[in-house]
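These notes are about the structure you will find just below.
The values are calculated or read from the model by the stated rules, or taken from the named source; none is laboratory data. Bear in mind the structure is a predicted one, so any value in this text is a computation, not a measurement. Cβ: placed from backbone, ideal geometry, glycine included. Neighbour counts: every protein chain shown. Just the protein is used for accessible areas: all its heavy atoms, side chains included, with ligands, DNA and RNA removed. Shrake-Rupley method; radii C 1.70, N 1.55, O 1.52, S 1.80 Å.
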Amino acid sequence: MPRHPALSVLFAAAIAATLLTTPTLAARDLTPRPARLHVAWLDGRTLEQAMATGAELLDRFPDAVLVANEASLARLRAAGFRIDGPIALPAHGMITLLRSEGHGQATLDASQVARVGAQVLWRGGDDWLIASEGTLPESEGLLPHHRKVLRERSLRKRTEITTVERSPGGPTLNVTSFSPVVQQMVDQVSGPTLIQMIGQLAGKFSVNVGGVPTSFVTRSTPTALCDKAEQYVFERFQAMGYADVAYDPFTFSSVSARNVVATKPGDETPNRVVILGAHLDSTSPVASTNAPGANDNASGTAGLLMIAEILKNYSFKNTIKFIAFTGEEQGLFGSEHYADAAAARGDSIVGVVIFDMIGWRNLNHKIDIEGESAWLPLMNVMNDACAQYTTLAADLVLFSFGSDHVPFQDNNFPAFLAIEDEYEDFPCYHQTCDTTGWNQTAIQSDVVRAGLATIAHVAVPRVFLFSHTPLENTANTTGPYEVVTSLTTSGALVPDSLLLHWSNGGPEVAQVMTAISPPGNYHAFIPGQPSGTTVRYWMSARDDANRLAVSPDGAPAVVHQFLVSSRTTLLAEGFETGATGWTSGGTGNDWQVAAPAGLAEDPTAAFAGAMIAGTDITGLGANLGRYEPFTNSWFESPAVDCSQATDVQLSFMRKLATDKSDGGTWDAALVWVNGTLVWSNPATTPLIDANWTAQSFNVGSIADGNPSVKVRFGMRSNATVHYGGWNLDEVKLTAYTPLLTGVEDAAPSRGVVLHTSMPNPAHAGATLRFELPSRATVGLAIYDVRGRLVRSLVRGARDAGAHEVRWDGRDGAGALAATGVYFYRLETLGQVRARRLVLIQ
């Protein structure tokens, strides 16, 4: 990116072909071109203050403005502005504004300009005006500096915006009130997927463009590979389902280039437009052959594409345009073309967010939100989004230059830039070493989350959203089972359209849900079911804009479900006949099964019966009822088969006395299930039970569907201060069984076949295969052993025959699913098929 603090207004030079690393760029004439300019220094004042004098401003640096007529010059002089000039301008060629600071590079000098055949017209500190025959070349001496081409039209006067609504948050602050649906959107941002997308754009991974494998070793605008990159983004937008995707062609210095624009029309005020943009092009000293541009700016383009992918599934009052700009590195040509044309058309652009260099940090997890004071309300939305949805710090910077927000600002469109705070320190700025190794998931994904929330808020979501806590498994066969949901909508609900659909394996029943208190809540009842029944249900509603909302997402191919069944006891140990199958070991092992002796803090009687298990119940060691110094001992159950169990609960009675754990350095009482720690005593205070105390845990995430589950109790200690330790009674594992109905054991009927996954167990995902006797609507999804949806894989019509789907071991948000047992379920032709697979990450 040509950048801020670097203003590069380059009317760039076509230079000797031997010095150029890109095709020669022909001259671009400005019409009309003023004969001379003056520079008025801001000296701490704002651009708006300069405009308030009534002066007509042609262009600006971050710290100065350019004036082309005497009346405007007189107004600025009268207001006390410091003036340089006059500066004579050539009649033809290009004039570039360039700013020479940042990125640890040497300061620009006139000899570097002369070496490429250009002429210095004026220099003031870090600001330069340079004349050239065409665009300035992408050469080593000029690349570190930020550039833009002198405007052909005067800057438009800023109009302070009032179109971005925020809600009162205190006596002096406004805090943005985001719609509840924004959190759902933000939760879909996947850091690993963003990093993969950057790799695809920066040439690390090959991609298909028009069906041809392509690697983007450069995306420099004058190259054929940039044309391919434009096509790639165009095809990505189309694949997302956007109906309105278009190229926006423009030329500069005989180079033909294209912006790529995808439009999501608003359904209430489509004339009001919100823009998310990022420049697609890249540069380096050898830009024609090697300019990966991973951080600058595949990072911004990847963020643009991910937000477009997420927002395609939502509706908004205002129109959203997703724009990948090109020609940015040569002087903001693509964004200037689009912004100037939008202004000429009279477009109502209510907000522009630009991503540029959002994937790298050194010390600070922080971004700059760069704009102008007239548009602080828009910038504050982004600032609030950082605070609400991320851990990012943010600076509001009223200093704009060198990226694609500037042409929109120059046309009086509210715009800001989101950029990593330390961009000036990025070691590979505009270099061939700007590869994917620099990109960092945390800052990249947080900037995308905040930008997504900002775009969604300004576009105004048309909210139509269920919020429902799925019913748990139950032993209640009498019923009824109350299904309660809230429904948030920005429109009106069509009468009697809110329906609960449920089935117990027979025909599906649909019934109207009725309103309850508080407002926005609804309920309906499913009648009682016999033990062993799996009840599946989903909800639907329609609003006055004819939008359909469902719960869960993807219904009816994906549904909620619960099991009606009595809890089954899988392990019940009261130690009355010893501890069959239990084992103990470790350092200082003093575990035993015995009648309580009341030593130290131990109980005088069992909770039930006569026997208990514990550490040093009868005075085995020198501590007489207390655990030993430097002990590291354990007591473990036999393996319990939970392969047909769901919602496994571990419960026991304890009388425990132990010193504080201090993070495990003092004394620790521990409970594990299959090696996973599920409980430990407090870190800061001793734990001494006065009486027998009940303790229970849901260990379904570890034990559900697992054929071998072991419970282990542990005791660790240091040298001093020892207590009575563990005393245990009535240790139980209980669960609902069977685990899941519909698991295929025999050959299915009617030609619907769901094959065993390959491989199983799966280490990095699995291939799922199924066969259909005829074309049908198919739902294929992954569930955990508690029946919770992990990921929907297929939803839609499929032809007759064999089909193959790859599950990559990730959930719907792109995160790695935990090691454990899962089920893949196929629903089609009125049938349900399900099989079990084991995932090992």
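Quick look at the values:
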item	result
When residues of the stretch 532-547 are limited to those that are of a type outside the set (D, E, K, R) and modelled with pLDDT under 85, the one farthest from LEU829 (Cα to Cα)	ALA545
Candidates LEU487, LEU500, filtered to the one that is touching a residue at least 40 places away in the same chain (Cβ under 8 Å), out of contact with any Asp or Glu (no Cβ under 9 Å at 6 or more places or on another chain) and part of a strand (DSSP E or B)	LEU487
Among (1) surrounded by fewer than 18 Cβ atoms within 10 Å (Cβ to Cβ); (2) over 28 Å from the mean Cα position of the chain (by Cα); (3) modelled with pLDDT of 80 or more, the one test that VAL778 misses	(1)
Qualifying positions in the stretch 431-458 - more than 15 Å from ASP368 (Cβ to Cβ), open to solvent by 10 Å² or more (accessible area, probe 1.4 Å) and not aliphatic (A, V, I, L, M)	GLN431, THR432, CYS433, THR435, THR436, GLY437, TRP438, ASN439, GLN440, THR441, ARG449, HIS457
Failed criterion for GLY346 (all others in (1) buried (at least 23 other Cβ atoms within 10 Å of the Cβ); (2) modelled with pLDDT under 95 hold)	(1)
Output for the stretch 88-108, where each listed residue is surrounded by 15 or more Cβ atoms within 10 Å (Cβ to Cβ) and at pLDDT 65 or above	LEU89, PRO90, GLY93, MET94, ILE95, THR96, LEU97, LEU98, ARG99, SER100, LEU108
Extreme residue, most open to solvent (accessible area, probe 1.4 Å), among residues of the stretch 67-87 that are modelled with pLDDT of 90 or more and within 16 Å of ASP127 (Cα to Cα)	ARG82
Residue match in the stretch 370-391 (condition: in the same structural domain as LEU452 (by the TED database), within 19 Å of ASP425 (Cβ to Cβ) and crowded, with 22+ Cβ neighbours inside 10 Å)	yes
Number of the condition not met by PHE630 [criteria: (1) on the phi > 0 side of the Ramachandran plot; (2) aromatic (Phe, Trp, Tyr); (3) open to solvent by less than 50 Å² (accessible area, probe 1.4 Å)]	(3)
Residue within the stretch 636-643 that is crowded, with 20+ Cβ neighbours inside 10 Å, modelled with pLDDT under 95 and charged (D, E, K, R) present	no
Pairs with Cβ under 9 Å, 6+ apart, first in the stretch 255-276 and outside the structural domain of PHE316 (by the TED database), second at pLDDT 95 or above and open to solvent by less than 20 Å² (accessible area, probe 1.4 Å)	none
Evaluation of ASP187 against (1) buried (at least 21 other Cβ atoms within 10 Å of the Cβ); (2) of a type in the set (Asp, Glu); (3) farther than 30 Å from ALA342 by Cα (one fails), failing number	(1)
Identity of the residue in the stretch 661-693, under 21 Å from LEU599 (Cα atoms) and open to solvent by 60 Å² or more (accessible area, probe 1.4 Å), that ends up modelled with the lowest pLDDT	PRO686
Residue that is out of contact with any Asp or Glu (no Cβ under 8 Å at 6 or more places or on another chain) and either open to solvent by less than 10 Å² (accessible area, probe 1.4 Å) or in contact (Cβ under 8 Å) with a residue 12 or more places away in the chain (or both), where the choices are ILE323, ILE307	ILE307
Residue match in the stretch 395-410 (condition: open to solvent by 30 Å² or more (accessible area, probe 1.4 Å), touching a Phe, Trp or Tyr at 6+ places or on another chain (Cβ under 8 Å), in contact (Cβ under 8 Å) with a residue 24 or more places away in the chain and among the aromatic types (Phe, Trp, Tyr))	no
Wholly enclosed strands (runs of 3 or more DSSP E) of the stretch 343-460 bearing at least 2 residues under 15 Å from GLY300 (Cα atoms)	348-355, 366-370, 415-420
Residue selected from the stretch 109-142 under the condition surrounded by fewer than 24 Cβ atoms within 10 Å (Cβ to Cβ) and of a type in the set (Ser, Thr, Tyr), by the criterion modelled with the highest pLDDT	SER111
Selection from the stretch 267-298 of residues that are of a type in the set (A, V, I, L, M, F, W, C), crowded, with 24+ Cβ neighbours inside 10 Å and outside any strand (DSSP E or B)	LEU280, ALA287, ALA294, ALA298
Boolean, THR577 is surrounded by 23 or more Cβ atoms within 10 Å (Cβ to Cβ) and hydroxyl-bearing (Ser, Thr, Tyr)	no
Residue match in the stretch 456-468 (condition: basic (Lys, Arg) and closer than 30 Å to VAL217 by Cα)	no
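Rundown of residues vs (1) modelled with pLDDT under 95; (2) farther than 30 Å from GLY830 by Cβ; (3) under 34 Å from the mean Cα position of the chain (by Cα); (4) open to solvent by less than 40 Å² (accessible area, probe 1.4 Å), yes/no style:
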position: THR489; (1), (2), (3), (4): yes, yes, yes, no
position: VAL494; (1), (2), (3), (4): yes, no, yes, no
position: SER503; (1), (2), (3), (4): yes, no, no, yes
position: GLY506; (1), (2), (3), (4): yes, no, no, yes
position: VAL512; (1), (2), (3), (4): no, no, no, no
position: SER517; (1), (2), (3), (4): yes, yes, no, no
position: GLY520; (1), (2), (3), (4): yes, yes, yes, yes
position: HIS523; (1), (2), (3), (4): no, no, yes, yes
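To keep it simple, each residue is scored yes or no on (1) in contact (Cβ under 8 Å) with a residue 24 or more places away in the chain; (2) part of a helix (DSSP H, G or I); (3) within 22 Å of ASN718 (Cβ to Cβ).
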position: GLN592; (1), (2), (3): yes, no, no
position: GLY619; (1), (2), (3): no, no, yes
position: PHE630; (1), (2), (3): yes, no, yes
position: GLN649; (1), (2), (3): yes, no, no
